[in-house]
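> The structure under discussion is supplied below as structure tokens; questions concerning it will follow.
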Amino acid sequence: MAEAILPRARTWPRWSGWVLALGLFLVLRVAGKGLAPWAFDWPKAQTVPVARWISAFTKWLLNEASFGLFTFAELTRFIAAVIDFPYRIVLSLLATGFLKGQGSGAVQILPPLAWIAVIAVFALIGAWAGGRRLALLVAACFTFIAIFGQWQSAMVTLASILVAVPLGVAGGLMLGILAWRSPLFERLIRPVLDLMQTIPVFAYLVPILFLFGFGPTAAVVATLIYAMPPMTRVTQLALARVPGELADLGHMVGCTPRQMLWRVMVPSARDALMVGVNQVIMLSLNMVIIASMIGAGGLGFDVLAALRRLDFGAGLEAGFAIVALAVALDRLSHAAAARQAGSVQGGPVARHPYLAGALLTVLIAAILGLVAPAVQTYPAAWELSTGTFWSRVVEWINVNFFDFLEAIKNAVLLNLLIPFKRFLLGLPWVGVAGLLAFAGWRLGGWRLAVLTGSLTVLIAVAGLWEKAMITVYLCGISTAIAMLIGLPVGILAAERDRLWTVVRAVIDTLQTLPSFVYLMPAVMLFRVGDFTAMIAVVAFAVAPAIRYTVLGLKGVDPRLIEAGRAMGCTEGQILRRIRLRLALPEILLGLNQTIMFALSMLVITALVGTRDLGQEVYIALTKADPGRGLVAGLAVAFIAIIADRLIQAGARAARARLGLGEGAA
Amino acid sequence: MTDASSLPSDAKLVCREVWKLFGARAGETLRALGPAPEIGRIVDAGLVPAVRAVNLAVREGEIFVIMGLSGSGKSTLVRLMSRLIEPTAGEILFNGRNLLAASTEEMVEIRRHKMGMVFQHFALLPHLTVLGNVAFPLEIQGVAREEREARARKMVALVGLGGREDALPRQLSGGQQQRVGIARSLAVEPELWFLDEPFSALDPLIRREMQDEFMRLQSVLKKTIVFITHDFDEAIRLADRIAVMKDGAIVQQGTPEEIVLSPATDYVREFTRAVPRSKVVRVKSAMRPVAGTAGGAVSERATVAEAAPMFLDGAEVLAVKGEGGAVTGHLHRADVVKLMLGG
Ligand SMILES: Nc1ncnc2c1ncn2[C@@H]1O[C@H](COP(=O)(O)OP(=O)(O)OP(=O)(O)O)[C@@H](O)[C@H]1O
Ligand SMILES: [Mg+2]
């Protein structure tokens, strides 16, 4: 070994530990198969049946659990009723109209809002929040939806969002306030929030499906659970960051605790809180689309159904409608957050001109709608269907480029994906756990070592090793490709402000799109399979790779670059020796985000036929088996946590080495 | 230093042997350390000695300035006086009543009606207009809209911001923002007015202007004031009495004149060195007994520097008048010249 040849070196080089660990790992890999087969495949008989326990527990919850005064089933029914009531009203208002009677015998007593009225109301909100340009943009988005025949579905989706967002914001605000007030509560919910952000969304759906049944209510519950943690976190941070002087002011003017909270703290934290509201809106949209699997209906269901039928035209159309909705909602909530309130004097109409205008429009449209049906519902005759057009485009591509696309796909599969998959599947779990624990120890001390090692073992013990390795393989390759695209693009964009403006606009928009949307084009071109999944994941995960690279490079102290130039470095040397090196911590965080994005997308790609943990969750979903779904979801969360903690520790170490100070990651 | 027994109990606000140590189990540790622990022993015990054994009395109608460098414990002391934080030990009397014995409801009442505070970084609520900010303390008390806005308007006009009522804080300059802060603290017509470094965040020119404005307001309002600053010149300019703080303790208190003329420690002397004596010494301390007749008339309370221009017409001696208007002494040109040249 190296240190034996160099007798003068008193301390071993930093990497000698790594050499040793890898050496041991290699020995195990090569010689272990015969000696210790259990190190490669956890014996099936020994699998800890966590899944069965969880399923039994959920059944017990649903059938027998009682809190004394009421049973658990009653509690879920109560929650369902609380959500169902506003949902019915909003849905009636936007889509179905108010009905009397049940099922097919129902009679409409009041029609829903006229499509023109809905567009006008949203345009007015746009004008109120951001002026005429925003109003035009929003109106264009909604008109687009109407023209392409997606109105009804879009309104169903919108209804879920309109119910989920206020509940999510209010719930998150309350939890955040509690966490801010009580350190004990904060310590209790922090690990829960951490876990919720890493468990893939699919995994939530299974127990919710089990507890709340199939339907829009369950979908709203799922959306709430998904969108509330970020709001909780934002609230807590925002309140903690209100300057101490303002709290002192509140005390000095004699505020009661309630006045303190609602008159001083919350208004002072408004700007930061609005960021949270925007997040809740976008996450709700994403989840409402995904929750179409448990009965949300609307645009998500259209995409899902189209995917199952492989009807690309219909899928793309619904996809475009989702994009239009996402753009409109995102711009609206951003503008509303940035809006500066001014005070206006006068009567109620003068003080609320937009509200008055909206009410007036609704009224006029309703009356006109009685006379002219075209005002009430967008006439089917005016609809443009591009569905057949898109189907033809896909057909044309497949006819003309089939061989080409197929060749690419096969080449990548044969030369990259399959060998890598084989390699990973051949690794002994004992060795992987040891190696990860060693990495944890080197980067962050024994606590991290225990964490990474034990999480790895847990995955194996639950009998999910093989599926987990497939997840790691797809995620790893997708992340690598995303970084290979993101780094050079980031390096180019960091130096050219004009390019960066364009790139940023693109990745900002990409990030507002629900993950479901990414599947459609990938499936269109490459049909189902690992390669398709990889393309979708890369497309979804490339945004953070670019963003963090640019932020890191832009953050490098320009004096150091000048110093480098003064020392006669070439541009290449400056890039490699100074800029990339100093941006390393930031780029590592980008890598971390890329992995997280990749994992969350990967689970969804189960729809296009991967065989990983995501598929396990998906199967659990179709079989309504909460234990199986949760365990697989937790396994994905464990992979995410291991990657996250190791990279964070690495970034911290890099920061310390570069003397950039102990920045909180 | 003043000791606790000599403090007048009829003063507006009295602090007796007040301590504030930050850290876990501060109370027990302080008791365990004995009556007058050394600063080193407190630090060794893992505590931050923010305020140590402070004795002071703020009299009705005076401007009491607390001066000290950053970290000397000034803010902690005002926060103790307004009971925003609880002292580790000691007694605080407000209008002769033990403030520390007041219940939460009583404290709310006292703060709503009897105390006002101006903050270093203004502490304006970003979502309220100028008028809304000034009316805020009244709104919290539940004063009806009409009345609170009328009173707020008056206050806004008083600080010279008439016409800007509908502006939002971020549309105002620093000086204007602090005027809003001042107007707000005055809206409840407090008996005791705390100002924690109100002008420190402002540019020197604006600061000067605000000091003049502050003096003008005080000449009208005649409040009892506790004014915090780290700027010795500001302290000299504004104070009736000054307490100089260092490491949480008061090292000297007295009138500006006393402090400049006889600094108690080298630490205080460092501050006074750059201050021209003539700007601090009052005519009353520089005058001699009446001997013969003299022209002119200068107030006892004027500083020597203010009186000096009156010698420009060649007079050798000026008559000095006391509060009542009677001649109390004579001011001689030679003494004035000596003081002014002596720096
Ligand atoms: N909440 C706290 N916890 C711990 N230590 C504190 C706390 N508040 C103040 N201190 C410490 O008490 C000491 C006095 O602080 P204080 O804010 O009163 O100083 P100051 O004279 O107002 O300074 P400045 O001019 O910077 O405002 C400082 O050493 C400070 O670090
Ligand atoms: Mg201070």
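> State yes or no: is B:Met115 within 14 Å of chain A (Cβ to nearest Cβ), open to solvent by less than 10 Å² (accessible area, probe 1.4 Å), under 24 Å from B:Ser9 (Cβ atoms) and more than 16 Å from ligand 1 (Cβ to nearest atom)?
yes
> Return the residue satisfying two criteria in turn: it lies in segment A:213-227 and is crowded, with 23+ Cβ neighbours inside 10 Å and of a type outside the set (A, V, I, L, M), and of such residues it is nearest to A:Glu74 (Cα to Cα).
A:Thr217
> Which condition number does B:Asp247 fail, the rest of (1) within 14 Å of ligand 2 (Cβ to nearest atom); (2) on the phi > 0 side of the Ramachandran plot being met?
In the conditions (1) within 14 Å of ligand 2 (Cβ to nearest atom); (2) on the phi > 0 side of the Ramachandran plot, B:Asp247 misses (1) alone.
> Please work out which residue is nearest to ligand 1 (Cβ to nearest atom), limiting yourself to segment B:225-283 and to residues that are in a helix (DSSP H, G or I) and acidic (Asp, Glu).
Just the residues of segment B:225-283 that are in a helix (DSSP H, G or I), to begin with: B:232-238, B:256-261, B:266-272, B:277-279, B:283.
If we keep only those that are acidic (Asp, Glu) as well, we get B:233-234, B:257-258, B:266, B:270.
On the way: B:Asp233: 16, B:Glu234: 13, B:Glu257: 24, B:Glu258: 22, B:Asp266: 20, B:Glu270: 17 Å.
Per the criteria, the residue is B:Glu234.
> Right, another one. Out of the residues in segment A:253-280 meeting the condition of being assigned to a helix (DSSP H, G or I) and crowded, with 24+ Cβ neighbours inside 10 Å, tell me which one is nearest to the other protein chains (Cβ to nearest Cβ).
A:Ser268
> Residues being in contact (Cβ under 8 Å) with a residue 12 or more places away in the chain and not in a helix (DSSP H, G or I): count how many of those fall in segment A:397-450.
Residues that pass the stated criteria total 3.
> Of everything in segment B:54-80 that's of a type in the set (A, V, I, L, M) and within 12 Å of ligand 1 (Cβ to nearest atom), which residue is nearest to the other protein chains (Cβ to nearest Cβ)?
The selected residue is B:Val78.
> Okay, next question. Among the candidates A:Leu113, A:Leu167, which residue alone is modelled with pLDDT under 90, under 25 Å from A:Leu332 (Cβ atoms) and of a type in the set (A, V, I, L, M)?
A:Leu113
> Follow-up question, since we're still on this one. For B:Ala45, work out the one condition from (1) within 16 Å of ligand 1 (Cβ to nearest atom); (2) in contact with a strand residue (DSSP E or B) (Cβ under 7 Å, 6 or more places away or on another chain) it doesn't fulfil.
Against the list (1) within 16 Å of ligand 1 (Cβ to nearest atom); (2) in contact with a strand residue (DSSP E or B) (Cβ under 7 Å, 6 or more places away or on another chain), B:Ala45 comes up short only on (2).
> Based on what the data block shows, is B:Thr104 in contact with a Leu (Cβ under 9 Å, 6 or more places away or on another chain) and modelled with pLDDT under 95?
No, not satisfied.
> Of the residues that sit in segment B:85-110 and are in contact (Cβ under 8 Å) with a residue 60 or more places away in the chain and outside any strand (DSSP E or B), which one is farthest from the other protein chains (Cβ to nearest Cβ)?
Only one residue fits best here, namely B:Gly96.
> Here is a list of conditions, (1) open to solvent by 40 Å² or more (accessible area, probe 1.4 Å); (2) under 30 Å from B:Gly142 (Cβ atoms); (3) more than 16 Å from ligand 2 (Cβ to nearest atom), and B:Ala45 meets all of them except one; can you say which number that is?
Checking B:Ala45 against (1) open to solvent by 40 Å² or more (accessible area, probe 1.4 Å); (2) under 30 Å from B:Gly142 (Cβ atoms); (3) more than 16 Å from ligand 2 (Cβ to nearest atom), the one that fails is (2).
> Taking the residues in segment B:309-323 that are among the hydrophobic types (A, V, I, L, M, F, W, C) and out of contact with any Ser or Thr (no Cβ under 9 Å at 6 or more places or on another chain) as candidates, determine which candidate is surrounded by the most Cβ atoms within 10 Å (Cβ to Cβ).
B:Leu318
> Let me ask something additional. I'm checking my understanding of the structure. Among residues of segment B:10-24 that are farther than 22 Å from B:Val251 by Cα and within 14 Å of ligand 1 (Cβ to nearest atom), which one is least open to solvent (accessible area, probe 1.4 Å)?
This residue is B:Gly23.
> Looking for something open to solvent by less than 50 Å² (accessible area, probe 1.4 Å) and within 16 Å of ligand 1 (Cβ to nearest atom) - is there at least one such residue anywhere in segment B:123-132? It would help to see each step written out before you state the result.
In the first step, residues of segment B:123-132 are kept if they are open to solvent by less than 50 Å² (accessible area, probe 1.4 Å); the result is B:123-125, B:128-132.
Next, only the ones that are within 16 Å of ligand 1 (Cβ to nearest atom) stay: B:123.
Yes, segment B:123-132 contains a residue that is open to solvent by less than 50 Å² (accessible area, probe 1.4 Å) and within 16 Å of ligand 1 (Cβ to nearest atom).
> Now for a separate question. What number goes with the only condition from (1) within 16 Å of ligand 2 (Cβ to nearest atom); (2) more than 14 Å from every other protein chain (Cβ to nearest Cβ); (3) not in a loop (DSSP other than H, G, I, E, B) that B:Phe199 does not pass?
So the condition that B:Phe199 fails would be (3).
> Continuing with the same structure: Working only within segment B:54-80, note down all residues that are farther than 19 Å from B:Asp231 by Cβ and within 14 Å of ligand 2 (Cβ to nearest atom).
Of everything in segment B:54-80, those that are farther than 19 Å from B:Asp231 by Cβ and within 14 Å of ligand 2 (Cβ to nearest atom) turn out to be B:Arg79, B:Leu80.
> For B:Val51, are the conditions met, namely being more than 14 Å from every other protein chain (Cβ to nearest Cβ), under 12 Å from B:Asp247 (Cα atoms), hydrophobic (A, V, I, L, M, F, W, C) and more than 16 Å from ligand 2 (Cβ to nearest atom)?
no
> Can I ask one more? Could you tell me whether A:Gly101 is in contact with a strand residue (DSSP E or B) (Cβ under 7 Å, 6 or more places away or on another chain) and at positive phi?
Yes, satisfied.
> When segment A:228-252 is examined, which residues are found to be within 14 Å of chain B (Cβ to nearest Cβ) and open to solvent by 20 Å² or more (accessible area, probe 1.4 Å)?
A:Arg241, A:Pro243, A:Gly244, A:Glu245, A:Ala247, A:Asp248, A:His251
> On to the next question. State the number of residues belonging to segment B:118-163 that are outside any helix (DSSP H, G or I), facing chain A (nearest Cβ under 7 Å) and away from ligand 2 (no atom under 16 Å from the Cβ).
4
> Quick one: which of B:Ser278, B:Ser262, B:Ser219 is more than 16 Å from ligand 2 (Cβ to nearest atom) and in contact (Cβ under 8 Å) with a residue 60 or more places away in the chain?
Values: B:Ser262 fails: in contact (Cβ under 8 Å) with a residue 60 or more places away in the chain; B:Ser219 fails: in contact (Cβ under 8 Å) with a residue 60 or more places away in the chain.
Testing whether each residue is more than 16 Å from ligand 2 (Cβ to nearest atom) and in contact (Cβ under 8 Å) with a residue 60 or more places away in the chain leaves just B:Ser278.
> Which of the residues belonging to segment B:81-94 are closer than 22 Å to B:Glu109 by Cα and more than 9 Å from ligand 1 (Cβ to nearest atom)?
Scanning segment B:81-94 gives B:Met81, B:Ser82, B:Arg83, B:Leu84, B:Glu86, B:Pro87, B:Glu91, B:Ile92, B:Leu93, B:Phe94.
> Check segment A:557-574 and report whether any residue there is without any contact (Cβ under 8 Å) to a residue 40 or more places away in the chain, part of a loop (DSSP other than H, G, I, E, B), of a type in the set (A, V, I, L, M, F, W, C) and open to solvent by 10 Å² or more (accessible area, probe 1.4 Å). Explain how you work it out, then say what you get.
Step one: of segment A:557-574, the residues without any contact (Cβ under 8 Å) to a residue 40 or more places away in the chain are A:557-574.
Then keep just the ones that are part of a loop (DSSP other than H, G, I, E, B); that gives A:557, A:567-570.
Narrowing the set further to residues that are of a type in the set (A, V, I, L, M, F, W, C) leaves A:567, A:569.
Applying the additional criterion that residues be open to solvent by 10 Å² or more (accessible area, probe 1.4 Å) yields A:567, A:569.
Within segment A:557-574 (the criterion being without any contact (Cβ under 8 Å) to a residue 40 or more places away in the chain, part of a loop (DSSP other than H, G, I, E, B), of a type in the set (A, V, I, L, M, F, W, C) and open to solvent by 10 Å² or more (accessible area, probe 1.4 Å)), the answer is yes, since at least one residue qualifies.
The values are calculated or read from the model by the stated rules, or taken from the named source; none is laboratory data. Small disclaimer: the values here were computed from a predicted structure and weren't measured. Reconstructed Cβ throughout: ideal geometry from the backbone, glycine too, with neighbour counts over all protein chains shown. What goes into the accessible areas is simple: the full protein's heavy atoms, side chains included, and nothing from ligands, DNA or RNA. Shrake-Rupley method; radii C 1.70, N 1.55, O 1.52, S 1.80 Å.
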